[in-house]
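The values are calculated or read from the model by the stated rules, or taken from the named source; none is laboratory data. Because the structure is predicted, anything quoted here is derived from the model rather than measured. Here Cβ is always computed from backbone atoms with ideal geometry, including for glycine, and neighbour counts include all displayed protein chains.
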Amino acid sequence: MILKLSSNAKQVNASVDQAVNEFAARGFRSLGVARAEGNGAWQFLGVLPLFDPPRADAKATIATARQMGVEVKMVTGDALAIASETARTSGWARTFSTPRAWATRSAPKPWPWPRRSKAPTATPGVPGAQYHIVDVLQKRGHIVGMTGDGVNDAPALKKADCGIAVSSATDAARAAASIVLTTPGLSVIIDAIKESRKIFQRMNSYAIYRIAETLRVLLFISLAILISTSSR
C-alpha cells in the first residue's frame, strides 16, 4: 500500500519485491517506509523488517500436543514464506493449503484427506477465513479447538467446540471464547488437556465401578432368593 502511494514506485518496485521476499523467507514481516517534503509527492525510501518470532516454548508445546493425539494446525494471515519459516522453527511439517482451496471444501463434497487427518498443517493468508475452516472441520466430524486474539478471530472462537482466547486477546475475542488464558503462552492448554483427561478417566472408572457394584448386588440378591426358595 505504501508503494502504491509513492511516485517512484515503478523505479523501485522490483527491488522492493525482492527485499520483501528475502525478509519473508527469514520469517520477517515487511513495512514500507516513504517520505514527503511538504505537499510534495511521496518517495519510497525502503523496507523495514519486523520480527515476531514464535515463543520459546511453542515447539515443545506443539510436540507434546501431538504426542497426546491432538492435531495442531496453523491458520495465519501472514504470507506463505513467513508461514513456512514459522512452521520450520516451530516443528511443523511444512504442508500448506490456501484459502481458495478451503473455500471449495464444504461438507457435501468429498474430503481430500482421511477423517483422522492428513490435512495441511498450515493455511497462510487467511484473514477472516477462520470461521469457514472451523465449520468445514466440524462438518467432517472433528472436535475443533481454536486459539485467537483479534476481533477477526471472534466468530471462529465462538464457532469452535472450544474457543481459547490468549492473554493478550481483544475484548471481542475474550467475549466469544469459552476459555480465556491469563498468562502468556499456550503451554497451559497442555496442562488443561492432561487434567481434563484425568477427570474423564476418574468419571469413567467410577461409572464402571458403580455398574459392577450394582450387578454384584443384584446377583447376590437373586442368588439369595433362589437359595432361600429352594431350601423350603
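Across region 185-232, which residue is nearest to residue 56 (Cα to Cα) among those that are β-branched (Val, Ile, Thr) and over 37 Å from the mean Cα position of the chain (by Cα)?
Of the residues in region 185-232, the ones β-branched (Val, Ile, Thr) are 188-190, 193, 199, 208, 211, 214, 217, 221, 225, 227, 229.
Remaining after also requiring over 37 Å from the mean Cα position of the chain (by Cα): 211, 214, 217, 221, 225, 227, 229.
Working: 211: 47, 214: 51, 217: 55, 221: 62, 225: 67, 227: 70, 229: 73 Å.
That would be 211.
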Give the number of residues within region 116-172 that are modelled with pLDDT under 90 and of a type in the set (Asp, Glu). 3
So for region 48-60 (the condition being closer than 26 Å to residue 84 by Cβ, modelled with pLDDT under 90, surrounded by fewer than 13 Cβ atoms within 10 Å (Cβ to Cβ) and acidic (Asp, Glu)), does at least one residue qualify? yes
How about region 143-163: which of its residues are within 14 Å of residue 73 (Cβ to Cβ) and out of contact with any helix residue (DSSP H, G or I) (no Cβ under 6 Å at 6 or more places or on another chain)? 143, 145, 147
Would you mention how many residues in region 74-92 are in contact with a strand residue (DSSP E or B) (Cβ under 6 Å, 6 or more places away or on another chain) and of a type in the set (Val, Ile, Thr)? 1
What helices (runs of 4 or more DSSP H) completely inside region 135-232 contain at least 2 residues that are surrounded by 14 or more Cβ atoms within 10 Å (Cβ to Cβ) and among the β-branched types (Val, Ile, Thr)? 187-230
Residue in region 60-73 that is in contact (Cβ under 8 Å) with a residue 12 or more places away in the chain and touching a strand residue (DSSP E or B) at 6+ places or on another chain (Cβ under 6 Å) present: no
